[in-house]
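Reviewing the structure listed below.
The values are calculated or read from the model by the stated rules, or taken from the named source; none is laboratory data. Treat the numbers as computed from the prediction; the structure is a model and nothing was measured. Cβ placement follows ideal geometry from the backbone for every residue including glycine, while neighbour counts extend to all protein chains displayed.
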There are 2 protein chains.
Amino acid sequence: METIFNWSSPIDLQERLSRRGLKNTPQRKCVFGVLTRNAGKPMTPDQIHQFCLKSNPRMGLTTVYRTLELFCDIGVAMRVHLHEPSQYYELNTGKHHHHLVCVACGIVEPVDMCMIDEMNDMIRDNHDFVVTSHCLSLFGYCPMCLPKPN
Amino acid sequence: METIFNWSSPIDLQERLSRRGLKNTPQRKCVFGVLTRNAGKPMTPDQIHQFCLKSNPRMGLTTVYRTLELFCDIGVAMRVHLHEPSQYYELNTGKHHHHLVCVACGIVEPVDMCMIDEMNDMIRDNHDFVVTSHCLSLFGYCPMCLPKPN
DNA sequence: ATGTAGTTGGAAACTATTTTCAACTGGAGT
DNA sequence: ACTCCAGTTGAAAATAGTTTCCAACTACAT
Ligand SMILES: [Mn+2]
Ligand SMILES: [Mn+2]
Ligand SMILES: [Zn+2]
Ligand SMILES: [Zn+2]
C-alpha cells in the first residue's frame, strides 16, 4: 500500500487512526513524537526504540516495528533506503526529496531537487515501462569530512 | 574499497586474481561463470549458489558470499540495491546504469540513461557536498504487468 | 461501567549474513 | 614431479534485523 499524500497542515494522528478504526495508544503517540521531533532525520527502528524508552520504559521493540509499518501504510512515515543492514524511517512531510549520505561520518542531508520527471518521459518512450516510484541515494563527502589533504 | 573500472575487453579473472596474490580456485571460476552467463541480471547470493551447485555440488554458500565481496573489491561484480531483504549482485560490465524493477513480477531491466551529472553540479552549489557515487532504483510496471483495467 | 476489537510485550522463529576454525589446495619455487 | 605455505574452503556457530505467535491488556464506542 503506497498512497500519495499532499498536506501542508501538521499531521493529525488521532484523526488518521480513528478514521480507520485504529486506536491512539500511548505507544503510537510516542513513536509519532519521536519522528516529529526528529523530522528530516532518518532513524532505525532500534534508534527510535531507544528514544521511546526514555518516556515509556516498557515499550517493546516489536511495537516500534509494528507502528512504523502502520505509519508507512497511513502515510505518517516513510521508509528510507540508505544501503545499510537496517531499514531507516522518517516522518512523511509530504515533500518529495532524496538524501545525501556522507560515507565518512554518515550524516544524512535532504535534497529537494529531483530530475525524475525528465527521466520518466524518456523511460516511457525507450522502455515501455511505467514508473510509479523511485529511490535515489547519493553518497559522498559532507563539508566536515571532505578536507583530507593527506 | 570502490575503484573505477573502465574496460571494453572481457574480464580476465586469472590476471586480476594473480596480480593480487589471490588464487584462481574452481569456486571463484564457478561464481564468475554464473555472473557472466547472467550478465545484466542481478541475482542474490543464494540464487548464485543454486547455479553453482549444478556444476560444483560441494560449493558452500559461505564461499559464494566471500567470493562476491571479493569480486566487488576487484571490480568484477557490483552490488545492486533493489530494496529487498537480500542484497543482489551482477557482473560489472563497466557501464554505469540503473534499474527498472517491476513491482508486480519483479523483472529487472537496465536503463542506460542517467541525469546525475546535472544533479552533481546543482548539489555541489546548493549543498557543499561532493557526491562520489549514487544509486537510483525505479519501480513501476513492465509492459506485461501493466494492462490491468479492473 | 461494559464489551470487544484492536493492541501490546516477550519469547520464539526466521532470514540474511558474518565469524570461526580445522582441513585443504593452487601455484610459486625447487 | 615434489614441497610448502599463504591463501582458501565448507560446516557449524554466532550475529543482526525482522517477523510471528500468543496470552494478557486496553482504548473507546455503546
Ligand atoms: Mn529525508
Ligand atoms: Mn544492472
Ligand atoms: Zn525524486
Ligand atoms: Zn546514474
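Consider B:Cys135 carefully, then state whether it is touching a strand residue (DSSP E or B) at 6+ places or on another chain (Cβ under 8 Å), within 13 Å of ligand 4 (Cβ to nearest atom), without any contact (Cβ under 8 Å) to a residue 60 or more places away in the chain and not in a loop (DSSP other than H, G, I, E, B).
The answer is yes for B:Cys135.
Could you identify the single residue in B:Gly33, B:Gly94 that is away from chain A (no Cβ under 14 Å), more than 11 Å from DNA strand C (Cβ to nearest atom), in a loop (DSSP other than H, G, I, E, B) and surrounded by fewer than 19 Cβ atoms within 10 Å (Cβ to Cβ)?
B:Gly94
Mind listing just one residue for me: the one in segment B:56-68 that is outside any loop (DSSP other than H, G, I, E, B) and in contact (Cβ under 8 Å) with a residue 24 or more places away in the chain and, of those, farthest from ligand 2 (Cβ to nearest atom)?
Filtering first and then ranking leaves B:Thr63.
Please indicate, with yes or no, whether at least one residue in segment B:89-98 is hydrophobic (A, V, I, L, M, F, W, C), modelled with pLDDT of 95 or more and within 30 Å of B:Thr25 (Cα to Cα).
Yes - at least one qualifying residue is present in segment B:89-98.
Is it true that B:Pro26 is more than 16 Å from ligand 3 (Cβ to nearest atom), within 14 Å of chain A (Cβ to nearest Cβ) and out of contact with any Cys (no Cβ under 8 Å at 6 or more places or on another chain)?
Details: more than 16 Å from ligand 3 (Cβ to nearest atom): yes; within 14 Å of chain A (Cβ to nearest Cβ): no; out of contact with any Cys (no Cβ under 8 Å at 6 or more places or on another chain): yes.
In short, no.
Does A:Tyr88 meet the test of being free of Cβ contacts under 8 Å to residues at least 40 places away in the same chain, more than 8 Å from every other protein chain (Cβ to nearest Cβ) and surrounded by 15 or more Cβ atoms within 10 Å (Cβ to Cβ)?
No, not satisfied.
If I ask for residues that are within 21 Å of the chain's Cα centre (by Cα), without any contact (Cβ under 8 Å) to a residue 24 or more places away in the chain and at the interface with another protein chain (Cβ under 7 Å from one of its Cβ atoms), which ones from segment A:108-131 would you list?
A:Met113, A:Met115, A:Val131
Quick check: anything in segment B:103-120 surrounded by 13 or more Cβ atoms within 10 Å (Cβ to Cβ) and on the phi > 0 side of the Ramachandran plot?
Looking for residues that are surrounded by 13 or more Cβ atoms within 10 Å (Cβ to Cβ) and on the phi > 0 side of the Ramachandran plot, one finds none in segment B:103-120, hence no.
Step by step: first the residues of segment B:39-55, then only those that are surrounded by fewer than 16 Cβ atoms within 10 Å (Cβ to Cβ) and in contact (Cβ under 8 Å) with a residue 12 or more places away in the chain, then the one that is nearest to B:Pro110 (Cα to Cα). Which residue is that?
Checked segment B:39-55; the qualifying residue nearest to B:Pro110 (Cα to Cα) is B:Gly40.
For the list (1) within 13 Å of chain B (Cβ to nearest Cβ); (2) not in a loop (DSSP other than H, G, I, E, B), I need the number of the one condition that A:His83 fails.
(2)
For B:Phe71, state whether it is without any contact (Cβ under 8 Å) to a residue 24 or more places away in the chain, crowded, with 19+ Cβ neighbours inside 10 Å and assigned by TED's automatic domain parsing to the domain that holds B:Glu15.
Working: without any contact (Cβ under 8 Å) to a residue 24 or more places away in the chain: no; crowded, with 19+ Cβ neighbours inside 10 Å: yes; assigned by TED's automatic domain parsing to the domain that holds B:Glu15: yes.
Spelling it out, it is not the case that B:Phe71 is without any contact (Cβ under 8 Å) to a residue 24 or more places away in the chain, crowded, with 19+ Cβ neighbours inside 10 Å and assigned by TED's automatic domain parsing to the domain that holds B:Glu15.
What is the number of the single condition among (1) surrounded by 19 or more Cβ atoms within 10 Å (Cβ to Cβ); (2) more than 16 Å from ligand 3 (Cβ to nearest atom) that B:His99 does not meet?
(2)
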